[in-house]
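The block underneath contains the structure these notes are about, expressed in structure tokens.
Each reported figure results from applying straightforward, stated rules to the coordinates on display, with no laboratory input. Fair warning: this is a prediction, and the values are worked out from it, not measured in the lab. Every residue, glycine as well, gets a Cβ built from its backbone with ideal geometry; the counts of neighbours run over all protein chains shown.
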Amino acid sequence: MCTVCGCTDGGAKVEGEHTHDHGHSHDHEHDHDHDHDHSHPHTDKKGDLHFGQGIGGVHVPGLSPSRIVQIEQDILGKNDHLAQHNRDRFLGLGILALNLVSSPGSGKTTLLTRTASDLAKSMPIAVIEGDQQTALDADRIRATGVQAIQVNTGKGCHLDADMVRRAMDALDPEQNTLLFIENVGNLVCPAAFDLGEAAKVAILSVTEGEDKPLKYPDMFKAATLMIINKSDLLPYVPFDVAVCIENARRVNPDIEVLQVSALSGDGLDAWYAWIADWQLKAQDADK
Amino acid sequence: MHEMSLAEGVLQILQDQGQAQNFSQVKTVWLELGELSHVDPDAIRFCFDAVTQDSIAQGAKLEIIRTPGAAWCHDCSKTVAVSSLIDPCPECAGYKLQVTGGDDMRVHELEVE
């Protein structure tokens, strides 16, 4: 069972992984899409009574033999551990991994296809595409000639570190690759899950309203960079860029901001310069 | 609904600990959820009940300890109390705040048998 993904492991599908799908359904088998690699301890089947297992190994008459166990473990500990493995792997390969997060419809995939086609001439690029269903986005990326793999989260609302690990196995990217991880379109859940990326990049389009950083502060707090997209529409919508930046800095004083139009190409040079800067850091860290 | 994933994470910890510390039934779980953490207590209660069905923690009571939010104000050069990520500094009304506490999500302790 996947410990970090609420949809259970079987819900997540990484393209290219071996599956047991058939052309017809078996409603009588394969109904357990998760493994139990742990046992379920139950009370003693023989009906024996075990006293003396209370706190301090004693039995106090009239009290149940319960005890208090100190745990102090982070709920996300396992995901964070896997994320650290991903981070080490990226570091070892000089890979800059960016986790792109946004609402659905912010133009994330358009920005990504544009970026991929502009930069693919000068560097190896790979994309991990997260969506609940379909390989449509990975197909869009692959149409640019860039290596992409789709991860379908099933009912899951975010990518987790294990999904990225599996996608990395399938992609097997070369040294110094620029890796984009396009998260599920969702401004809430992906904020909590470290994937091992160097930075989260939050994309917000001008059709969404400048108050979004206040409505979804967790995400803008977790992001290193906010990209304000669809700037070509600014003349037609009541979106105040300055207020949006001010709102974002209320939740995250250090957040960097870029304004682009993935459609017209306006502002993309600054985005590419930002990437180049971070790539140098990723490759220097490798040395 | 990432609370479902988090509840699964809690259950995994309980199961691992059950094996390591030799218990077969969890009666109470004390969960520390910071005021500034990525989680809604009501949602995690709902999810906890759902994921613990037929498990070591079936019917377990969930006690949520809310740890208070705290941030370092760069302008005041001191730690101040905040209860949300969009709160200003209560002293100077500024926003140059860095969260220093209350963003934890942790299984604190268990009552088991």
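Report the extension gain between B:SER24 and B:ASP75 in nm, rounded to one decimal, defined as 0.36 nm multiplied by the number of residues separating them, less their alpha carbon distance.
Full extension from B:SER24 to B:ASP75 adds 13.2 nm.
As a rough footprinting exposure proxy, the listed residues B:CYS47, B:CYS76 were ranked by other beta carbons within 10 Å of their own, and the order from fewest upward is B:CYS76, B:CYS47. Of the cross-linked pairs A:LYS200/A:LYS230; A:LYS13/A:LYS200; A:LYS121/A:LYS281; A:LYS121/B:LYS96; B:LYS61/B:LYS96, which ones have a Cα-Cα span greater than 31 Å in the structure shown? Violating the 31 Å Cα-Cα cut-off are A:LYS121/B:LYS96; B:LYS61/B:LYS96. Rounded to the nearest 10 degrees, the inclination of helix B:2-20 to the longest alpha-carbon principal axis of chain B is 50 degrees. Computed from the C-beta positions of A:ASP254 and B:GLN53, the FRET efficiency with R₀ = 35 Å rounds to 0.25. Using a simple spin-label model with pseudo-atoms 7 Å out from Cα toward Cβ, A:VAL241 and B:GLU63 lie 5.4 nm apart. As a proxy for reagent exposure, A:SER66, B:SER84 were ordered by neighbouring Cβ count within 10 angstrom, fewest first; the result is B:SER84, A:SER66. Placing a label point 7 Å from the Cα of A:LEU136 along the Cα-to-Cβ line, the residues of the range A:107-122 whose backbone N sits under 14 Å from it are A:107-110.
Relative to the compact globular guide of 2.2 N^0.38 Å, what is the alpha carbon radius of gyration of chain B, as a ratio?
Working: Rg = 17.0 Å, N = 113, 2.2 N^0.38 = 13.3 Å.
Against the empirical 2.2 N^0.38 Å value, I get 1.28 for chain B.
Dipole of the range A:145-193, Cα-centred, from +1 at each Lys and Arg C-beta and -1 at each Asp and Glu C-beta, to the nearest 20 debye?
Details: 3 positive and 6 negative charges, 39 e Å.
Once rounded to the nearest 20, the dipole reads 180 debye.
Stick to Cα atoms and the Kirkwood definition of Rh, then tell me Rg/Rh for the range A:82-155. Rounded to two decimals, Rg over Rh is 0.97.
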